[in-house]
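What follows is a single structure, written as structure tokens, with notes after it.
The values are calculated or read from the model by the stated rules, or taken from the named source; none is laboratory data. In this text the structure is predicted, and so the values were computed from the model without any measurement. For neighbour counting, all protein chains shown are included, and Cβ atoms are generated from backbone atoms with ideal geometry for every residue, glycine included. Just the protein is used for accessible areas: all its heavy atoms, side chains included, with ligands, DNA and RNA removed. Shrake-Rupley method; radii C 1.70, N 1.55, O 1.52, S 1.80 Å.
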Amino acid sequence: MKITEYITEKVFRTRLKSNSCIVIYDPERRYRELCLKMADEKTAVIDASEGSILSRYDAQRAFNELGNSKNGLESLLIYIPARKPLTAEEKLIDPFSIYSECGAAFPNLEGDDFLTLCLSAKPDDGTEIRRLFAENHSPTFAMVDSVGGGVSYPQLSVSLKASSVRDILVSVLTPTEANAAALAESDAWVGEAKSLFRASLGMELKTRSKSLSAISSELWRFILFSEFVFDLPGELPAALKSVPVAVAEAEALVNAVCDEIRSNIRKRQKYIEKAEEIESDLKLPQICVGITDFGTKDTFPFEERTFFNRAIDGIANNSSEVTRMMLSRHKDSVWQGKGETKAQWNLVKSALDLVEKCRELERELAHNSHSQAALLDFYVRDLRLADSLQREFEQAVSSQFDHEEIMHGVITQARSCYRRLIEKAQAAFIKHLETDGWTPEGRLANAEVFDKFVSAHLRDRGKKVAFLMVDALRYELGVELRDKIVEDDFPVELKEAYAQLPTITLVGMASLLPGAASDLVLNSSNGKIVPIIQEHVVSNVRERMNFLKKSFNDRFAEMTLEEFLRAKPKIPATADLLILRSTEIDSQLESNPESTLSLIPQTLKMIRAALHKLRSLGFQYAVIATDHGFFLNAQAEAGDVCAKPVGQWDVSVHDRIMLGDGSSDASNLVLPGKKLGILGSFPKCATPRSMAPYSAGYLYFHGGASLQEAVVPVLTVRLATPSSPGPSGIEVSLSYRNGAKK
């Protein structure tokens, strides 16, 4: 198709059909004759070349007649030999802009420039087209039509089942067995290949072999090295200047071929093998050792490392935009699955997410910490995101092996940002704790959860409720679990609750029992805490479950979450309350927090699986609660230990809280136990003002007073949808056409 035919039919006439009215702005007067020839009984063409008042009148009259069935006028084209108005002021001056607003204007799209139109009309001759425009910025239609000269590649097209130059090049580089077999029948295609390579790439085939493998290997080297050179911002090293490279006009074709192969899963492995082979043959890493900027593409694997180093430097130098740009470029990189590469890039992304969020939250903290209520609301709404990102970051740290310590700066910077934010939040938390005490007035205490969320469903016998007591499910994990439950199409509600101090399993699990809000007391025995409810000691699992059994008798059953999921559970038909216990999160993090963070999602998955199983067993509701949260202390530095306060301390709990008697100091907050919600035989409670424990070496801890340890989730899940009454009966009436009886 000639370029004039393409522009007339594929561009102008196509847009006229879509818009009925089009205004063509043409300051170079290139398209005037094409427009005038489009006039017929259905299309009115107004030529504003002379600029007379008549053209305005004719345009208005023709526009008014559009769609009039009497005259048959269907479309209006207005030709203006001037630049298209862009600003509102320019449109006010242009008397024809109203028609483009009602219809369309040309040029209007990104591809409406003359070069792009020519490339679209002659996709196989892109290199020659670009060469023509490089020599003459405004070639004539005849000059464009002369490009290509009718040259075709029938043998290659048929054998490779390819219809374009790009498709032929891709097939030569990555031939299928059928392609190879078809080309093996004759070597007539070799001459065509030489002509095609020369015309489209400026490549002179060197090999004398007529085998597909030899020609393909030479083309691989030529194409990949050409992309590398085109993308290189600086000077090519002298040692590489003798390596053949494509002509500049072929850059778009080279990029298109490489991108297509890299994006095709079936062809990608071939690309990787060839790129590594060519990189080694040309000694690119050694020759390019002094280059730090290779552009935007990582044609060869050694380039990926330079992008990676720039991403690392961006975090270390507080240039987040550089790291974000590198991450965006590498997102679809063909090298992302090589060796430790994926884990390293994941760590960089996790670090950047954490750093940026911490800086954002640090700016907002000052405006959200003027009171205990404001700080707690800020934590639940936004600040807990830092804990979630820190957990994901530490998981990424543990999943990669940094033998050369290239990630040290990234890890240090991310941990430093989190540490700074959390210490500021902790200082505000302790300040309000000293004034307002615990638990916060008017808010849900964790000790109220059973009475408010479980007992309410047990008033009616036969209504089945599951109470999942999950150890160490801190608030941000509750949010993640809530989002996953929503994906499972369960109606779920998340509330924040405020844990009983000290935030340890012994006390926290006791606080989840009936009557704990009013009757839980903590006494001392042989230097240990003894929780008591209504004169019943509830220090361990057996004692807590016995307490529930005495309260609910045959309406009660209990087991671990794992037992419930592993086999068909034996639940008495009379059991309306099923307790499911999970200690996986706490036990895993207590034993080895560095390597078990990745197991937390598995526990959340187990909880979701339990909900489905509970529904199948006829349970209507599930309540998910926890005893305490936790803090990941990987950012601790040498000397991050809190000196114990002076006094007579009967019990030291998890190196984060002390019970007994003593006085506050610069490092410790000491308050009456009653002010912190601790009833019993302990007159006072001491806790570090910072996030440091009383002993060194803790990467994971809980027990003390902090947002991470003391703000916990409560999730209520409706397992069964209330059934709506169906119709009492159905009546069916049958009749036959035309009154027929049979």
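The table for this structure:
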item	result
Filter result for THR127 (surrounded by fewer than 16 Cβ atoms within 10 Å (Cβ to Cβ) and of a type outside the set (Gly, Ala, Ser))	no
Within the stretch 666-681, tally of residues that are closer than 19 Å to ILE533 by Cβ and open to solvent by less than 10 Å² (accessible area, probe 1.4 Å)	3
Enumeration of residues in the stretch 43-78 that are open to solvent by 100 Å² or more (accessible area, probe 1.4 Å) and farther than 14 Å from CYS102 by Cα	GLU50, ILE53, LEU54, ARG56, TYR57, ARG61, SER69, LYS70, GLU74
Out of LEU169, LEU183, sole residue that is over 26 Å from VAL334 (Cβ atoms), modelled with pLDDT of 90 or more and part of a helix (DSSP H, G or I)	LEU183
Options GLY67, GLY103, GLY111: the member that is on the phi > 0 side of the Ramachandran plot and not polar (S, T, N, Q)	GLY67
Yes/no for GLU594 being open to solvent by 10 Å² or more (accessible area, probe 1.4 Å), farther than 30 Å from ASP519 by Cβ, charged (D, E, K, R) and out of contact with any helix residue (DSSP H, G or I) (no Cβ under 6 Å at 6 or more places or on another chain)	no
For ILE406: the one exception among (1) at pLDDT below 95; (2) of a type outside the set (Phe, Trp, Tyr); (3) open to solvent by less than 50 Å² (accessible area, probe 1.4 Å)	(3)
Flag if CYS685 is touching a residue at least 24 places away in the same chain (Cβ under 8 Å), open to solvent by less than 60 Å² (accessible area, probe 1.4 Å), out of contact with any Ser or Thr (no Cβ under 8 Å at 6 or more places or on another chain) and closer than 27 Å to LEU699 by Cα	yes
Pick from the stretch 233-252, criterion open to solvent by less than 30 Å² (accessible area, probe 1.4 Å) and part of a helix (DSSP H, G or I), ranking: nearest to LYS338 (Cα to Cα)	LEU240
Test: residue in the stretch 387-397 that is open to solvent by 40 Å² or more (accessible area, probe 1.4 Å), outside any loop (DSSP other than H, G, I, E, B) and either more than 21 Å from LYS349 (Cβ to Cβ) or of a type in the set (Val, Ile, Thr) (or both)	no
Listing of helices (runs of 4 or more DSSP H) fully contained in the stretch 425-512 that carry 3 or more residues being under 35 Å from the mean Cα position of the chain (by Cα), under 30 Å from ALA573 (Cα atoms) and in contact (Cβ under 8 Å) with a residue 12 or more places away in the chain	475-487
Verdict on ARG581 being over 26 Å from THR603 (Cβ atoms), open to solvent by 20 Å² or more (accessible area, probe 1.4 Å) and in contact with a Ser or Thr (Cβ under 7 Å, 6 or more places away or on another chain)	no
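Residue-wise test of (1) without any contact (Cβ under 8 Å) to a residue 12 or more places away in the chain; (2) out of contact with any helix residue (DSSP H, G or I) (no Cβ under 8 Å at 6 or more places or on another chain); (3) closer than 22 Å to ARG32 by Cα; (4) open to solvent by less than 70 Å² (accessible area, probe 1.4 Å).
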site	(1), (2), (3), (4)
LEU92	yes, yes, no, no
PHE96	no, no, yes, yes
ALA105	no, yes, yes, yes
ALA134	no, no, no, no
HIS137	yes, yes, yes, no
ASP145	no, no, yes, yes
ILE168	no, no, no, yes
ALA180	no, no, no, yes
